[in-house]
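Notes follow once the structure below has been shown.
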Amino acid sequence: MWIWLGLVSMLLLGFYDLSKKHALTGNAVLPTLFFSNLAGICLTVPVIIASFIFPDLMNSAGLYVEPLSGREHGLLMLKSLIVGTSWVCAFFAMKHLPISIVSPIRASGPMWTLAGAVFLFHEMPSPLQWVGMALIFTGYFGFSILGREEGIHFHRSKWIYLIFAATLIGTCSTLMDKWLIQRQDFAVMQVVCWYSVYLFVFFALINGLIWWPNRKKTTPFKWRWTVPMIGLLLVLSDFAYFKALAQPEALIVILSVLRRCSVLVGFFVGAVLFKEVNKRKKSWVLLGIMIGVLLIILSG
């Protein structure tokens with residue numbers, strides 16, 4: 001069951017990536033983040049309130065949000081800070097890079113997760129996983145070459161550095177997910193609901209302190225239907241992901257890989273919608289990456 005939940009999360013995450021690209025094209029980044037998260041808490045805050053007023057009803061529906069201690073609130077605030085920082089880096093990079101370059105770089109997240117799992121949780125990769133990692137990193141080298149044809153130099157582009165930073169910071173969040181759910185016994189609804197609330201607070205502060213005072217000097221904000229879709233799709237994707245992670249046999253590395261297979265949606269749909277170049281060459285590189293991902297999945 002956890003594999004299927006991971007696949008559902010993957011599909012939702014793929015359309016979430018596409019929504020981000022559409023919403024950010026020629027648009028201000030920080031208010032886009034703010035309003036997308038505002039849409040997300042429109043799903044989670046009512047659940048928190050209903051859990052307080054109608055605990056028995058919400059418990060029977062499997063949506064009850066149990067009260068948290070001060071320490072537990074602090075941990076979810078920390079997770080929100082980590083995710084928020086990753087989002088800021090990723091959104092600024094996505095605004096300036098083709099999605100068919102961004103998505104595969106983001107898809108390297110499971111490789112860093114695997115490294116973290118080895119050192120922190122003593123998970124040992126199998127030979128197939130090592131082969132898969134080699135194929136994936138070879139693929140990223142291929143993308144760096146193709147990026148030059150589009151004027152994107154991996155070692156000189158600050159947007160490339162930002163997307164890699166977003167990926168590494170996001171890995172910290174992924175490893176923290178396993179620790180919270182499987183080691184600290186957080187309930188799925190506790191994490192999904194309160195983490196989204198604190199993420200909204202984070203972006204409200206960032207917008208108030210940084211964007212609002214300088215809004216007339218930066219890219220203007222334009223409302224698009226994909227702005228709220230970002231937050232809604234993220235909440236739904238996270239719900240499926242945490243439900244999968246809550247199962248004792250679930251492996252964080254495999255779930256991370258499955259979620260990053262959203263690169264398939266981002267590449268095939270994004271290449272058509274956003275008219276990006278080098279689609280045929282990128283598809284061959286992407287094929288090698290996906291074979292590496294497949295080997296890792298099969299190794300599990």
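Taken together, the values in this text are just the output of simple stated rules run on the coordinates, not laboratory data. Fair warning: this is a prediction, and the values are worked out from it, not measured in the lab. With ideal geometry, Cβ positions are generated from the backbone for all residues, glycine too; neighbour counts draw on all protein chains shown.
Things to note:
- Taken as Cα centroids, the range 179-242 and the range 59-99 sit 6 Å apart, rounded to the nearest whole angstrom.
- Listed residue (Pro31, Pro67, Leu78) projecting farthest to the positive dipole end of the range 1-91, Cβ model: Pro31
- When each of Lys21/Lys158; Lys20/Lys216; Lys158/Lys222; Lys20/Lys222; Lys79/Lys178 is checked by Cα-Cα distance, pairs over 21 Å: Lys20/Lys216; Lys158/Lys222
- Taking label positions 7 Å along the Cα-Cβ direction at both Lys158 and Trp223, the computed distance is 3.2 nm, reported to one decimal.
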